[in-house]
Amino acid sequence: MGKHIFVNHAPGAPGLRLFGLGPSFVPQKGIKKLQRLFNQNTLWAKGRSQKDIKKMLSKSSIIVSVWEYQKLIGFGRATTDQIYRATLWDIVVDECYQSLGIGEKIIQSILENSFIANVERVYLMTTFGEIFYSKIGFKKEEKQTLMKVIRK
């Protein structure tokens, strides 16, 4: 395994979203690689179109990608009002690179970002990662209920 490069993208990730840029501003077909990362390593994000991924990025406040050479191996993002609430979304690490601390570093990078460093509450939703997230300081919220409206 090689060196892992963490990229903290500008809000909306214009380089990644518009030009597919990876580390050092080099074109890497980043959207296609992000789509592949989702399809191969998640249940919740399988089948997302490149068009929808670009729109998702454009509405995200904080975006972190992790690369090993030209391979996208990790990703995470957050949305926030920058004062009261922030939510982490789509934290994913390629299964071949799990248990190396990459996921924790993605979350740490997001939480240390100036957009949410002083936010009152940071939320995330998880299906299978409760143990992982509790080890890095997240607590299960017993007083709230997750509700949804399904539109697709």
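Rule-based calculations on the coordinates, nothing more; no lab input. This is a predicted model, so every value here is computed, not measured. Here the Cβ positions follow ideal geometry from the backbone for every residue, glycine too, while neighbour counts run over all protein chains shown.
To the nearest ten degrees, helix 102-111 and the longest principal axis of the Cα atoms of the chain are 70 degrees apart. With both labels modelled 7 Å from their Cα along Cα-to-Cβ, the residue 81 to residue 120 distance reads 0.8 nm. The helix-only estimate of mean residue ellipticity at 222 nm for the chain, built from DSSP H runs of length n ≥ 4 each weighted as -39500 (n - 2.57), is -8000 deg cm²/dmol after division by the residue total.
Between 121, 17, 77, the GNM of the chain built on Cα springs shorter than 10 angstrom shows 121 fluctuating the most. For the chain, averaging the sequence separation of C-alpha pairs within contact (under 8 Å, six or more residues apart) and dividing by the residue count gives a relative contact order of 20 percent. With point charges of +1 on the Cβ of Lys and Arg and -1 on the Cβ of Asp and Glu, referenced to the Cα centre of the chain, which listed residue (106, 146, 5) lies farthest in the positive direction of the dipole? Of 106, 146, 5, it is 146. Across 111, 18, 100, mean-square fluctuation computed from a Gaussian network of the chain (C-alpha pairs under 10 Å connected) peaks at 100.
Positive end of the dipole of the chain (Cβ unit charges, origin at the Cα centre): among 18, 115, 89, the Cα lying farthest that way belongs to 18. Could you pull out the pairs from 46/148; 29/152; 3/71 whose alpha carbons sit more than 23 Å apart here? The pairs that break the limit, which is 23 Å between Cα atoms, are 29/152.
Measuring max minus min along each principal axis, the C-alpha atoms of the chain give extents of 45, 34, 30 Å (largest first). For the chain, a crude dipole built from +1 on the beta carbon of Lys and Arg and -1 on the beta carbon of Asp and Glu, taken about the Cα centre, is about 680 debye to the nearest 20.
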